[in-house]
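Here the structure comes first, spelled out in structure tokens, and everything after it is commentary.
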Amino acid sequence: MALLSAAVSPFCRPEEDPFLLLESSLKAIERILQLRRGLPLRRTWIEQPYGEEEITILEEEVIPAIQQCLARVDELDGKLQAQQDAEVARLQAERSAEVALAMA
């Protein structure tokens, strides 16, 4: 998943990658729901905590939607990586051909 790109990158810092943030948020939500199983889920902006109904919606609708988004991002990343790999291979082949021609 996107977490592989969390290492040092010449392109951006991990905190600038919105999909790393989304993946991290998903893991935090899943962890909180697991640790608080059967307990109300407090929110900072409202006195009424999430109860069983709201938690069920999170588990059945929100979490799968986030997972689907991350899966789609992985597909897009794979496509871009394949394009980049093909371009690198093409450039390497050109360079090899130039070297071979110069040595002939």
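Since every read-out is calculated from the coordinates, none of them should be taken as a lab result. What you see is a predicted model, and the numbers here were worked out from it, not measured in a lab. Because the Cβ atoms are built from the backbone with ideal geometry, glycine has one as well, and the counts that use them run over all protein chains shown.
List of remarks:
- Efficiency of FRET from Cβ geometry, K79 and R43, R₀ 35 Å, rounded to 0.05: 0.40
- For the pair E16 and A86 in one chain, pulling the backbone fully straight at 0.36 nm per residue adds 22.5 nm over the alpha carbon distance.
- Whole-Å semi-axes of segment 1-81's equivalent ellipsoid (Cα gyration tensor): 30, 14, 10
- Loop-located GluC sites (Glu not before Pro) in segment 1-77 (DSSP state not H, G, I, E or B) with no more than 14 neighbouring Cβ atoms inside 10 Å: E47.
- With the helix formula -39500 (n - 2.57) applied to DSSP H stretches of n ≥ 4, the chain reaches a computed 222 nm mean residue ellipticity of -22000 deg cm²/dmol.
- Tensor-based shape of segment 36-104 (alpha-carbon gyration tensor, a/c under 1.5 rounded, otherwise prolate or oblate): prolate
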